[in-house]
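To start, the structure itself, in structure tokens.
Each value in this text was obtained by applying a stated rule to the coordinates, not by laboratory testing. All values reported here derive from a predicted model rather than from experimental measurement. Please note: Cβ atoms are built from the backbone with ideal geometry, for glycine as well, and neighbour counts cover all protein chains shown.
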Amino acid sequence: MGRKIFITYKYADNDVENITDNPGLWYNCTVRDYVDVIEENLENKTEHIYKGESDGEDLSQLADATIWDKLKNRIYDSTLTIIMLSKGMREKYKEEKYQWIPQEISYSIKEISRKDKNGNPVTSKTNALLAVILPDINGSYNYFTYKNTCCSTGCVSYKKDSNLIFSIMSGNMFNHKNPNINVCDTRQTIYYGDCNYMLCVKWSDFVNNMEEYIDKAYDLQEEQENYNIQKEI
């Protein structure tokens, strides 16, 4: 059965690897090009329904309140929020509450009540969350992921406290109520298993296995009572 998917992202962030057929010397690839790949996949290869802004749909000339009303209508009945995690997604000198991405994430995981056409109250459910980590302009993921070699086995870790992401994202990482952890000989905590409510995946892994990771995000949604979910910005 098809699911309704909303994608939140920084449209014009061009600090991403060029995945288009256009030469990088003159064409600035942006996060929108990655969204186009997902949208095409959802339209042509799955039964899922894309609820986000389509390329060429310009909302920039509208007042912020009008834009927000349109976005809320799309987010309200969605069930999965895909977050395009890119190096320039966050405006450093602007409060998070005034940036679109955290507002959209927060609205999507709150239980929002509205009335249907018959006047009966209908409450939305907490969306599944899936963060797709995009490679930067040099094709690297190191701005957000790194190889943790504090112990003999080593592991791939995510930078929860990275100043590149939003607090509502950090708050939904390593938030399992009873996490499977190990403290290595350097006293660092290593997490195993499904420690994040917000599932994180690199673009290189996601692009060829979208259904697998979408399904996994919904599996975590079914187990949301096991997580301390941060819903406020």
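Observations, loosely collected:
- Rounded Å value of the spacing that divides the Cα centres of region 60-123 and region 158-233: 21
- Note, ³J(HN,Hα) from phi for region 91-96, Karplus 6.51, -1.76, 1.60, rounded to Hz, x at Gly and Pro: 7, 4, 9, 10, 4, 4
- Peptide packing: for 113-122, 205-214, the average count of neighbouring Cβ atoms within 10 Å per residue gives the ranking 205-214, 113-122, highest mean first.
- Region 80-151 - share of DSSP beta bridges that are antiparallel (%, nearest 5): 35
- A DSSP coil position with no more than 14 other Cβ atoms inside 10 Å describes the following trypsin sites (Lys or Arg not before Pro) in region 184-217: R187.
- The string of couplings for region 127-133 from the Karplus curve (6.51, -1.76, 1.60, θ = phi - 60°) is 5, 5, 10, 9, 9, 9, 7 Hz, one whole number per residue in order, with x for Gly and Pro.
- Under 5 Å between amide hydrogens, built in the peptide plane, is the criterion, and for I133 it picks out L85, V201, K202, W203 among residues at least 5 positions away or on other chains.
- Sites A12 and E223 - FRET efficiency at Förster radius 25 Å, r taken between beta-carbons, to 0.05: 0.10
- Segment K115-Q188, length gained on full extension (0.36 nm per residue, minus Cα span): 21.4 nm
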